[in-house]
Amino acid sequence: MIYMVVGLLLGMLVGFVVPWGIPAGYSSLFSVALMACLDSVFGGLKASCNGNFDDKVFISGFFTNALLAAFFVYVGDQLGIDLYYVALLAFGLRIFSNLGVIRQHLLQKH
């Protein structure tokens, strides 16, 4: 747990110090990949609360979800279809669903 907090703080520090931006053309790809990664993180937290967390499943899902979501958005852009709205909606629903389970677990625990 301490490694997660240290990694988060280190990532935030690097994000504030390094002047880095995302080109406007890639913003839809990045937003969907970010939502896919957040979905994996909240899914991992949910699995941890349920007692069935597997790090191999988490790592593979984290990168697979992000890459596949970015690929679908890229294909949608090539076809002239805004698929990133669908992906954002789907990942958003899954994130809030996982967050609800985590919240219930925490409320029952305390």
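Net charge of the neighbourhood of residue 49, taken over other residues with C-beta under 12 Å away and scored Lys/Arg +1, Asp/Glu -1, is +3. Treating the angle as unsigned and between 0 and 90°, give the value, to the nearest 10°, between the Cα long axis of helix 2-17 and the longest Cα principal axis of the chain. Relative to the chain, helix 2-17 is tipped by roughly 30 degrees.
Using only side-chain charges placed at the Cβ, +1 for Lys and Arg and -1 for Asp and Glu, the dipole size of the chain relative to its Cα centre rounds to 360 debye. Take 85-93, 48-56, 22-30 and order them by the average number of nearby Cβ atoms within 10 Å per residue, most first; the result is 85-93, 22-30, 48-56. Treating the chain as a set of equal point scatterers at the Cα positions, no solvent, please give the Debye-formula log₁₀ I(q)/I(0) at q = 0.12 Å⁻¹. So the normalised log intensities are -0.52. Mean residue ellipticity at 222 nm, helices only, the chain: -29500 deg cm²/dmol; runs of at least 4 DSSP H residues each add -39,500 (n - 2.57), and the sum is divided by the number of residues. Other residues within the sphere of radius under 14 Å centred on the Cβ of residue 102, judged by their own Cβ, net out at +3 (K and R +1, D and E -1).
For the chain, what is the accessible area per residue in Å², given a 1.4 Å probe and the full set of protein chains?
Numbers: 8240 Å² over 110 residues.
Value returned for the chain: 75 Å² of accessible area per residue.
The angle between the Cα long axis of helix 83-109 and the longest principal axis of the Cα atoms of the chain comes to about 10 degrees, rounded to the nearest 10.
The values are calculated or read from the model by the stated rules, or taken from the named source; none is laboratory data. Model, not experiment: these values are computed from the prediction. Cβ coordinates were reconstructed from backbone atoms using ideal geometry, including for glycine residues, and neighbour counts include every protein chain displayed. Areas reflect the complete protein model, heavy atoms only, side chains present, ligands, DNA and RNA absent. Shrake-Rupley method; radii C 1.70, N 1.55, O 1.52, S 1.80 Å.
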